[in-house]
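The values are calculated or read from the model by the stated rules, or taken from the named source; none is laboratory data. Everything numeric in this text was worked out from a predicted model, so none of it was measured. All Cβ positions, even for glycine, are placed from backbone atoms using ideal geometry, and neighbour counts span all protein chains on display. Note: areas computed on protein heavy atoms with side chains; ligands, DNA, RNA excluded. Shrake-Rupley method; radii C 1.70, N 1.55, O 1.52, S 1.80 Å.
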2 protein chains.
Amino acid sequence: MLLKVIAMAEENIVYVGKKPTMNYVLAIVTQFNSNVDKITIKARGKAISKAVDIAEITKNRFMPNAKYSNIKIETEKVEGERGESNVSSIEITMKKE
Amino acid sequence: MLLKVIAMAEENIVYVGKKPTMNYVLAIVTQFNSNVDKITIKARGKAISKAVDIAEITKNRFMPNAKYSNIKIETEKVEGERGESNVSSIEITMKKE
């Protein structure tokens, strides 16, 4: 039972990458419509702008009863070909009311 | 006197555009070092990622005693050549403790 709870929590994180914006929006709307109440959108670097688009489109077009419960920005260390570098990240947490 | 207060408040908003990231960081650090306690960084569209970089570099490298007092994301309507369109925006407010 505990394992199931942890597995569900993992599912509520959406990592923003190179797919089209609407793919992520639809994934989030689908999750909200299947009894998930809280979703965190995470992005790094240039994908941060896309994460904000995804959150705003989800909220304004599909989930008017969703609210932002937390928006966090921070710096992460990433291992690249040329050693360690810093990259900014954002976490936008949305809650269905 | 009232006019002066309003003028100062206006100065505390930094709009992120096409200049290099470090130009904005230095503008913010300069303001913080000249008795400004609160600065809001505003950006739209693809400049949102740069705004997060600017805030994080300012905080981590130059102003370790600054905190984020508010991070807001929203959608703005913009008049373009092909009519009105929506664009996401971010406002990051930093306070010197």
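What the table below lists for this structure:
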{"read-out": "Among (1) under 16 Å from B:ILE92 (Cα atoms); (2) open to solvent by less than 80 Å² (accessible area, probe 1.4 Å) - the single one A:LYS72 does not satisfy", "value": "(2)"}
{"read-out": "Any hit, region B:48-62, residues being within 17 Å of A:ALA55 (Cβ to Cβ), in contact with a Gly (Cβ under 7 Å, 6 or more places away or on another chain) and surrounded by 21 or more Cβ atoms within 10 Å (Cβ to Cβ)", "value": "yes"}
{"read-out": "Residue list for region A:75-97, filter: assigned to a strand (DSSP E or B), open to solvent by 30 Å² or more (accessible area, probe 1.4 Å) and in contact (Cβ under 8 Å) with a residue 24 or more places away in the chain", "value": "A:GLU76, A:VAL78, A:VAL87, A:GLU91, A:LYS95, A:LYS96"}
{"read-out": "Hits in region B:55-69 (condition: within 9 Å of another protein chain (Cβ to nearest Cβ) and touching a residue at least 24 places away in the same chain (Cβ under 8 Å))", "value": "B:ALA55, B:ILE57, B:LYS59, B:TYR68"}
{"read-out": "Count - residues of region A:28-53 that are hydroxyl-bearing (Ser, Thr, Tyr), free of Cβ contacts under 8 Å to residues at least 40 places away in the same chain and either at the interface with another protein chain (Cβ under 9 Å from one of its Cβ atoms) or in a strand (DSSP E or B) (or both)", "value": "1"}
